[in-house]
Amino acid sequence: MAKRSQIVPRLAGAYRHLLTEVFKGGDLQVEEDETGNKDERLGELTVQRLWAAGMLGTTGETTQHQFVNIVELGEWNHGAGPDFLRAEIEIDGRTLRGDVEIDSQVQDWERHGHGANPDFNRVVLHVVLSPPPAGWYTRTEQHAEVPVLYLSPERVKEAHAQMKRPGFSAVRLSNPCRYPLAEMGVEDIVNLLQAVASHRIVCKRKRFRNKAGALGWRQAWYEAWAETLGYRANKEQMVMLARRAPLNSLKQQSEAMLLGVAGFLQPVYPAGADDGAREYYRRLWDEWWKLQSFFGVEASRSPAWCYTGVRPVNHPQRRVAALAVSVQHWRTISPLLNAENLSALCRTLTGLRHEFWDLHCTLSSPPMRRRVALVGQQRVNAFLSNYVLVEDASDLAWSAYLRLPAGALSRRVVNTSRELFGERRDVVELFKYEYVHQAVLQIADDFCTRASCRDCLFPEQLRDWKIKS
């Protein structure tokens, strides 16, 4: 067994010390309203601005008396649909990812037709500016309850007053993180980013081991791989599928089982399917109808697959098929989930093949002109950076983690790195490594969603980083 690394805990400890110094003073205090005693109700657009700026705080209590922690505020949507997209919240310790809708009154949800609009099915938090009536609950088109967070007028007005104070915008746009980072050499920045990435590894490792303790290691790895195959758009849906069709139940029928539980198999041929697709579909159905009474899921409870912005070769049906093919080789894959066998693991995962799915995006699509791999190297790298090299605590894993090439820059990484580094050209080269992306995301999690740049204490602590590191 590889020797346990002492590097990651030491680096992670350095960053945790920085976190402790920043937040040891407790919750940030909001200054008193300096705009007078005007009893005005702010419009939804103004409140959306306050929410986007992080001025309304990140904690609260739902109308059902559940504690809410806003982890990711979401991306401000200027088009149709919910007000903020791809947010992340924690309710009583349970993580929910989806959208946020802000209304003046809770009844506006039904008045505006959101409860019958499938575009609002991913809403995980309904923020309202007036007290909801007793017994009210917000429901989606799928009749799922949406937690309601009431923002008091005092809370909103205090945030608005702070934003209106002279100099607020100028301070916010000055990007205070850039000043200490501008004085740092590249070597010190690398040390900082590696410490932050180490902290992220330690946190992910703890979560994964807790999950493995509850579900067993085989199921935990299976769900981790399912999540990775789902990309960002369908990772939650893939985990739900893996939980409903656990690894120990699949045996030799993984394709029919997973595609059936996913809701993709019906007792009729898919419209537009050619002869080859019909033959394959019939084989699947001949297996699935026997399993349906035991493992079938009501249509209303099937995973809400996301198709928007998904490339054809990454269609949910093909992702589920990739998981099914992986299960057929799981005895080969399982022993390779460590740093010592990275090359063999990469070859095995990128080498997965299937007679039908190598040439089709869906069960009814025409054949592609050329074969396309079920699993690409970027998906494998995502699996390595989030799970395999995280769980392996050896020096070998840490070295491999630092060398892992990065995937495409996400919008969040781009925005946060711009806030941190501005136009520094000497750090651009660092972003070809995945650990740098992970470190930037961790900084965004720890600081950029907790408060505005005006109130953030991270820059002050950065000034001493070179001495502490």
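A short reminder: the numbers here are calculations on the coordinates, not readings from a lab. Because the structure is a prediction, the values reported are computed rather than measured. A quick note on method: Cβ atoms are made from the backbone with ideal geometry, for glycine too, and the neighbour counts reach across all protein chains shown.
Would you mind checking the tilt of helix 217-229 against the longest principal axis of the Cα atoms of the chain, expressed as 0 to 90 degrees and rounded to 10?
80 degrees
Taking other Cβ within 10 Å of each residue's Cβ, how do Thr46, Thr63 sort, fewest first? Write out the running numbers ahead of the final one.
Details: Thr46 14, Thr63 20.
Exposure proxy ranking, most exposed first: Thr46, Thr63.
Between Arg49 and Leu85, what is 0.36 nm times their sequence separation minus the Cα-Cα distance? Round to one decimal in nm. Please list the in-between numbers first.
Numbers: separation 36, 0.36 × 36 = 12.96 nm, distance 1.43 nm.
Gain on stretching Arg49 to Leu85: 11.5 nm.
Sort 424-435, 267-278 by packing, meaning the average of other beta carbons within 10 Å per residue, with the highest value first.
Details: 424-435: 15.4, 267-278: 12.2.
Per-residue mean Cβ counts within 10 Å order the peptides as 424-435, 267-278.
With the Cα gyration tensor of the range 381-449 giving a ≥ b ≥ c as the square roots of its eigenvalues, does the rule (a/c under 1.5 for rounded; else a/b larger than b/c for prolate; else oblate) give rounded, prolate or oblate? Present the calculation step by step, with values, prior to reporting the outcome.
Working: a/c = 2.23, a/b = 1.66, b/c = 1.34.
Prolate shape, in that a/c is at least 1.5 and a/b is the bigger ratio.
Choose one of Val261, Thr59, Ser302: the residue whose Cα lies farthest towards the positive end of the charge dipole of the chain (beta-carbon charges +1 Lys, Arg; -1 Asp, Glu; about the Cα centre).
Final value for the positive-end residue is Val261.
Arrange the peptides 414-421, 340-347, 81-88 so that the one whose residues have, on average, the most other Cβ atoms within 10 Å appears first. Display every interim value, and only then the final one.
On the way: 414-421: 18.2, 340-347: 15.4, 81-88: 19.9.
Sorting 414-421, 340-347, 81-88 by mean packing, highest first, produces 81-88, 414-421, 340-347.
Taking the Cβ of each residue in Arg370, Arg244, Arg209 as the centre, tally the other Cβ atoms inside 10 Å and list the residues starting with the fewest. Don't skip to the end; give the middle numbers.
Numbers: Arg370 7, Arg244 17, Arg209 14.
If I rank by nearby Cβ atoms, fewest first, I get Arg370, Arg209, Arg244.
Mean separation of Cα pairs under 8 Å and 6+ residues apart, divided by the residue count of the range 77-131: what relative contact order is that in percent?
Details: 78 pairs, mean separation 19.9, N = 55.
After rounding, I find 36 percent.
Among 399-409, 254-264, 9-19, 378-388, what's the highest-first ranking by average C-beta atoms within 10 angstrom per residue?
Values: 399-409: 14.7, 254-264: 23.4, 9-19: 18.0, 378-388: 20.8.
Those peptides, ordered most packed to least, come out 254-264, 378-388, 9-19, 399-409.
Averaging sequence separations of C-alpha pairs under 8 Å and six or more residues apart, then dividing by the length of the range 393-449, give the relative contact order as a whole percent. Before the final figure, lay out the partial values.
Numbers: 32 pairs, mean separation 26.4, N = 57.
Rounded, it is 46 percent for the range 393-449.
Each label point is 7 Å from the Cα along the Cα-to-Cβ direction; what then is the distance between the points at Asp426 and Val372, in nm?
The answer from the label model is 4.3 nm.
So how tilted is helix 153-164 from the main axis of the chain? Cα-based, degrees 0 to 90, rounded to 10.
That helix lies at roughly 70 degrees to the long axis.
Among DSSP beta bridges lying fully in the chain, give the percent that are antiparallel, nearest 5. All intermediate terms of the calculation are to be shown ahead of the outcome.
On the way: 20 of 28 bridges.
Roughly 70 percent of the DSSP beta bridges within the chain come out antiparallel.
Which length gain, in nm to one decimal place, applies between Arg94 and Leu402 when the Cα-Cα distance is subtracted from 0.36 nm times their residue separation? If you can, show how the numbers build up before the last one.
On the way: separation 308, 0.36 × 308 = 110.88 nm, distance 3.10 nm.
Gain in length upon complete extension: 107.8 nm.
Among the DSSP beta bridges whose two residues both lie in the range 44-165, what percent are antiparallel, rounded to the nearest 5?
Details: 18 of 26 bridges.
Percent antiparallel among DSSP bridges in the range 44-165 is about 70.
If I fit a long axis through the Cα atoms of helix 231-244 and take the longest principal axis of the Cα atoms of the chain, what angle between them do I get, 0 to 90°, rounded to 10?
The angle comes out near 60 degrees.
For a Förster distance of 22 Å, can you work out the FRET efficiency between the beta-carbons of Val414 and Val186, rounded to the nearest 0.05? Can you show the working numbers first?
On the way: r = 20 Å, r/R0 = 0.89.
Taking R0 as 22 Å, the efficiency between Val414 and Val186 is 0.65.
Using Cα-Cα distances under 8 Å and only pairs 6 or more residues apart, what relative contact order does the chain have, in percent? Don't skip to the end; give the middle numbers.
Details: 654 pairs, mean separation 88.1, N = 469.
Contact order relative to length: 19 percent.
Going by the alpha-carbon gyration tensor, a ≥ b ≥ c the square roots of its eigenvalues, is the range 199-259 rounded (a/c under 1.5) or, if a/c is not under 1.5, prolate (a/b greater than b/c) versus oblate? Mind dumping the intermediate values first?
Details: a/c = 3.02, a/b = 1.53, b/c = 1.97.
Verdict is oblate for the range 199-259.
Based on the alpha-carbon gyration tensor of the range 44-165 and its eigenvalue square roots a ≥ b ≥ c, which shape applies: rounded if a/c is under 1.5, prolate if not and a/b is larger than b/c, or oblate? Intermediate results must be reported in sequence, preceding the final value.
Details: a/c = 1.37, a/b = 1.32, b/c = 1.04.
Judged from the Cα gyration tensor, the range 44-165 comes out rounded (a/c under 1.5).
Please list, in order along the range 56-65, the HN-Hα scalar couplings obtained from phi with the Karplus expression 6.51 cos²θ - 1.76 cosθ + 1.60 (θ = phi - 60°), rounded to whole Hz, x for Gly and Pro.
Along the range 56-65, the couplings run 8, x, 10, 9, x, 9, 6, 5, 9, 6 Hz.
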